[in-house]
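To keep things clear, I will list the structure first and then write my remarks on it.
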Amino acid sequence: MTMLHTVNKSPFEKDSLNSCLRLSEDGSSILLIEDAIYAALEGTAASDSIKDAMKTKKVYALQDDINARGVKDKVMDGVEQVDYAGFVTLVTEHDTVQSWV
Amino acid sequence: MSDVKKFLYVNRRAPYGTIYAWETLEVVLIGAAFDQDVTLVFVDDGVFQLTKGHDTAGIGMKNFSPTYAALGDYDVNKIYVEKESLEARGLTIDDLQHLVWEDEDEDWAEKDSIKVVTASELAEIMSQQDIVLSF
């Protein structure tokens, strides 16, 4: 079973991202949306946990949410940016989706 | 005028993910019309409100970030950003909008509105207010 995990809360305000990283299997996909895109930025207190996760999991971030927040130049290497169509594709490519709301 | 009070608005939320940032800005602008002594602070994820280059076309929400540039015209020119919050988020003041105000007492000289301060400096600023509104 392949799983897609979506996270929508800022890693600096809520613990959703850490829960997701702790409770997702290797080989699963994690899509950062809304305020969770801040987790994809370089040089933050959350950067290391994403870098660590990317060793065993695929990390995506929603481009429109990145652009809205003015941080597109700060997204770390290795995070794949997707648009809304890409979001839908990810959902169809995985067996189940868990939203860490 | 003796009934001017020191109002502090504390911004702790990122923009767009929730409505707090936008609503706070609305409250500040409304409050500014009452000629009070207004101070804004941005801490925690609130510092993300001030980043430059927002483009919200893709998420179907109003880009309210240009409104921050109007604060100077409302005599809201004491804007403090916590250094520690910026650093934890990989940001520097150069990532933030350049907000200015014009000083009437110095021939309308343009001055910076944003000051980056440490947590202890901010604690002191916060302790000197009459009214604190936190969002």
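When the test is whether a residue is within 18 Å of B:G60 (Cα to Cα) and not aliphatic (A, V, I, L, M), A:Q63 passes it. All of (1) under 19 Å from the mean Cα position of the chain (by Cα); (2) surrounded by 13 or more Cβ atoms within 10 Å (Cβ to Cβ) hold for B:D73 with one exception: (2).
Pick from segment B:78-120 the residues that are in contact with a strand residue (DSSP E or B) (Cβ under 8 Å, 6 or more places away or on another chain) and acidic (D, E): which of them is surrounded by the most Cβ atoms within 10 Å (Cβ to Cβ)? Steps first, answer last, please.
Going through segment B:78-120, the residues in contact with a strand residue (DSSP E or B) (Cβ under 8 Å, 6 or more places away or on another chain) turn out to be B:78-83, B:85-86, B:89-91, B:93, B:95-103, B:108-119.
So of that shortlist, the ones also acidic (D, E) come out as B:82, B:95, B:102-103, B:110, B:112.
Working: B:E82: 22, B:D95: 19, B:E102: 13, B:D103: 13, B:E110: 11, B:D112: 13.
In this case the residue turns out to be B:E82.
Among the residues making up segment B:1-42, those that are crowded, with 17+ Cβ neighbours inside 10 Å and closer than 19 Å to A:K9 by Cα are B:N11, B:R12, B:R13, B:A14, B:P15, B:Y16, B:G17, B:T18, B:Y20, B:A21, B:W22, B:F42.
State which residue is surrounded by the most Cβ atoms within 10 Å (Cβ to Cβ) when the search covers only segment B:43-57 and only residues that are in contact with a Gly (Cβ under 6 Å, 6 or more places away or on another chain) and touching a residue at least 24 places away in the same chain (Cβ under 8 Å). The residue in question is B:H54. Please indicate, with yes or no, whether at least one residue in segment B:2-13 is in a loop (DSSP other than H, G, I, E, B) and at positive phi. Scanning segment B:2-13, I find no residue that is in a loop (DSSP other than H, G, I, E, B) and at positive phi, so the answer is no. Select from segment B:94-117 the residues that are more than 20 Å from B:L8 (Cβ to Cβ) and within 14 Å of another protein chain (Cβ to nearest Cβ) and list them in ascending order. Those that are more than 20 Å from B:L8 (Cβ to Cβ) and within 14 Å of another protein chain (Cβ to nearest Cβ): B:D94, B:D95, B:Q97, B:H98.
Conditions (1) out of contact with any Leu (no Cβ under 9 Å at 6 or more places or on another chain); (2) part of a helix (DSSP H, G or I); (3) facing chain A (nearest Cβ under 9 Å), marked per residue:
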{"residue": "B:V28", "(1), (2), (3)": "no, yes, no"}
{"residue": "B:F34", "(1), (2), (3)": "yes, no, no"}
{"residue": "B:D55", "(1), (2), (3)": "yes, no, yes"}
{"residue": "B:G58", "(1), (2), (3)": "no, yes, yes"}
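Provide a single number: the residues in segment B:60-118 that are part of a helix (DSSP H, G or I) and farther than 14 Å from B:F48 by Cβ. Going through segment B:60-118 one residue at a time, the tally reaches 14. Taken over segment B:36-49, the criterion of being within 14 Å of chain A (Cβ to nearest Cβ), on the phi < 0 side of the Ramachandran plot and acidic (D, E) is satisfied by B:D45 alone.
Given the options B:K83, B:K5, name the one that is closer than 29 Å to B:W108 by Cβ and among the charged types (D, E, K, R).
Working: B:K83 fails: closer than 29 Å to B:W108 by Cβ.
Answer to the check: B:K5.
Only the coordinates and a few stated rules stand behind these numbers; no lab work does. The shown structure was predicted, so the numbers you read here are calculated from the model rather than taken from an experiment. Positions of Cβ are backbone-derived with ideal geometry, glycine not excepted, and every protein chain shown enters the neighbour counts.
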